[in-house]
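Below is one structure, written out as structure tokens, with a few remarks after it.
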Amino acid sequence: MTTLDAAPAPVTERAPAQAPVDGEPCVLLKLGEVVLKGKNREQFERRLADNVRLAVRPIARVDVIRRHGVMIVRTKDATVEKIDALAARIGDVMGIVWAHRAWRVGKDVESVERAALELMAGREGTFAVRSRRRDKRFPLTSTELDRRIGASIAVKYGLGVKLKNPDHTLSIEIDRDEAFVYSGGLPGQGGLPVGMSGRGLVLMSGGIDSPVAAYRMMRRGLRVDYLHFSGMPFTGPESIYKAYALVRELDKFQGGSRLFVVPFGKAQQQIKSSGADRLAVIAQRRLMLRTGELVARRLRGGTLITGDALGQVSSQTLTNITALDDAVELPIMRPLIGMDKTEIMDQARRIRTLSISELPDEDCCSMLAPRRAETRAKIDDLKRIEKRLDVEELAEQLAESVQEHRPVYGDG
């Protein structure tokens, strides 16, 4: 199964120059853990099909046909170029393990053979044929079909057969009403369809960690919105631009993303004037979480998500994380908690957010950072600071000040 931590390398797939006789180009999707959902499987598959249609709407209107363990994506007036674009876009949809650009042909040996020969034209090196019959009524077994098609290819093109690690693998799948022939494929994201696990709110900085945390929760089926705290009016808008660019890139995984921006500079000044000193960073983060909880509840969100990783910085000790949890009633999910910076950066690079996160900006947190931050914050000390600030009223004011943006993947 394809996973973020062990994703297969992309497989080069060559599309034939013209359609085989009686063939139709389509996209054949392989599902991951969705197929393990038992009695709830149909619900997961319906949500996944809806997500696929939404993702590819700018390219084409499609039909998504659900079969046992696979989905077939078809569109009117399909061309090789359009199918290539559909497969590439579907590769970002959570819940898909592989997207194969395939030929849909008649369910008979002759049609399969013609499509196979067309698809293998012009190739060099070794090959293997892998067949699978989802319909056992087909007259040939999988092994017999492999031998029949393999012999035809070897005779016509002079290619050598190599069953282990061939240069090219031709795949044939016999389904209920048709057969599919393809070579190679595009690895998908795996995971669960976005929307199946509820809704959450990501505290989105302009850094490397929070976009990866958002991705990992989307991959577990959570639909997320984003909350960014800007240092304005005492900083420029650069951090907002970065947050917007990050959310726009992440939008390819779910669509319909919303970014909420809070001008946080004046609240930071109040914390600094409260005598928080070494507790200032933790007090600030508790206020962010309180504000996030108010926003999340208005959005019907069931959790907050942060990019915390245990021990990565001084504010992310076990004691401090416990003090942060105390600030809110909503659960706080920390999908990066056991990861180191190298692992997080590798995943940020893979989802194409790293280069955006590395752009310079003025982080609002840096405005408040003392020379030495407290690593073992006491909750009672934090509550005394919050009492002086009237933190509940302050959080309400911040939640009321949010500005909503809707970054759309592909725009700009």
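The values are calculated or read from the model by the stated rules, or taken from the named source; none is laboratory data. This is a predicted model, so every value here is computed, not measured. We place every Cβ from the backbone using ideal geometry, glycine too, and count neighbours over all the protein chains shown. All accessible areas refer to the heavy atoms of the entire protein, side chains included, with ligands and DNA or RNA removed. Shrake-Rupley method; radii C 1.70, N 1.55, O 1.52, S 1.80 Å.
Pull up region 140-180, narrow it to residues that are closer than 14 Å to Glu124 by Cβ and assigned to a helix (DSSP H, G or I), then point me to the one that is most open to solvent (accessible area, probe 1.4 Å). It comes out as Lys156.
Applying the selection to region 378-407, what residues are farther than 25 Å from Arg258 by Cα and of a type in the set (Val, Ile, Thr)? Once the filter is applied, which keeps residues that are farther than 25 Å from Arg258 by Cα and of a type in the set (Val, Ile, Thr), region 378-407 yields Ile379, Ile385, Val391. Please go through (1) modelled with pLDDT under 95; (2) open to solvent by less than 10 Å² (accessible area, probe 1.4 Å) for Lys272 and return the number of the only condition it doesn't satisfy. Of the numbered conditions (1) modelled with pLDDT under 95; (2) open to solvent by less than 10 Å² (accessible area, probe 1.4 Å), the odd one out for Lys272 is (2). Of all residues in region 314-331, exactly one satisfies the criterion of being open to solvent by 70 Å² or more (accessible area, probe 1.4 Å) and either touching a Lys or Arg at 6+ places or on another chain (Cβ under 7 Å) or among the hydrophobic types (A, V, I, L, M, F, W, C) (or both), namely Leu318. Find the residue count for region 210-247, including only residues that are open to solvent by 20 Å² or more (accessible area, probe 1.4 Å), within 21 Å of Gly191 (Cα to Cα) and charged (D, E, K, R). Adding up the residues that qualify gives 4.
Go through region 119-136 and count every residue that is polar (S, T, N, Q) and crowded, with 20+ Cβ neighbours inside 10 Å.
1
Inclusion of Leu299 among residues that are open to solvent by 20 Å² or more (accessible area, probe 1.4 Å), in contact (Cβ under 8 Å) with a residue 40 or more places away in the chain and touching an Asp or Glu at 6+ places or on another chain (Cβ under 9 Å) is warranted. Number of residues in region 256-269 that are polar (S, T, N, Q) and surrounded by fewer than 16 Cβ atoms within 10 Å (Cβ to Cβ): the value is 1. If the condition is being modelled with pLDDT under 90 and either in a strand (DSSP E or B) or in contact with a strand residue (DSSP E or B) (Cβ under 9 Å, 6 or more places away or on another chain) (or both), then region 13-32 contributes Glu13, Arg14, Ala15, Pro16, Ala19, Pro20, Val21, Asp22, Gly23, Gly32. Within region 357-412, restricting attention to residues that are of a type in the set (Asp, Glu) and modelled with pLDDT under 90, the residue that is nearest to Arg297 (Cα to Cα) is Asp363.
Does Lys266 meet the test of being charged (D, E, K, R) and touching a residue at least 60 places away in the same chain (Cβ under 8 Å)? Outline the logic, then answer.
Details: charged (D, E, K, R): yes; touching a residue at least 60 places away in the same chain (Cβ under 8 Å): no.
No.
The residues listed here are Arg278, Arg334; of these, the one that is over 19 Å from Ala243 (Cβ atoms) and touching a Lys or Arg at 6+ places or on another chain (Cβ under 7 Å) is Arg278.
Would you confirm, using the coordinates I've provided, whether Arg41 is out of contact with any strand residue (DSSP E or B) (no Cβ under 8 Å at 6 or more places or on another chain), closer than 24 Å to Asp135 by Cβ and assigned to a helix (DSSP H, G or I)?
Numbers: out of contact with any strand residue (DSSP E or B) (no Cβ under 8 Å at 6 or more places or on another chain): yes; closer than 24 Å to Asp135 by Cβ: yes; assigned to a helix (DSSP H, G or I): yes.
It is true that Arg41 is out of contact with any strand residue (DSSP E or B) (no Cβ under 8 Å at 6 or more places or on another chain), closer than 24 Å to Asp135 by Cβ and assigned to a helix (DSSP H, G or I).
Can you find, within region 303-362, the residue that is nearest to Met94 (Cα to Cα) among those that are part of a loop (DSSP other than H, G, I, E, B) and of a type in the set (S, T, N, Q)? For region 303-362, the residue satisfying everything is Thr353.
Say whether the condition of being out of contact with any Ser or Thr (no Cβ under 6 Å at 6 or more places or on another chain), outside any loop (DSSP other than H, G, I, E, B), modelled with pLDDT of 95 or more and of a type in the set (Lys, Arg) is met by at least one residue in region 261-269. Checked region 261-269: no residue is out of contact with any Ser or Thr (no Cβ under 6 Å at 6 or more places or on another chain), outside any loop (DSSP other than H, G, I, E, B), modelled with pLDDT of 95 or more and of a type in the set (Lys, Arg). Might you check whether a residue that is basic (Lys, Arg) and either touching a helix residue (DSSP H, G or I) at 6+ places or on another chain (Cβ under 7 Å) or under 20 Å from Leu117 (Cα atoms) (or both) occurs anywhere in region 192-214? For region 192-214, residues basic (Lys, Arg) and either touching a helix residue (DSSP H, G or I) at 6+ places or on another chain (Cβ under 7 Å) or under 20 Å from Leu117 (Cα atoms) (or both): absent.
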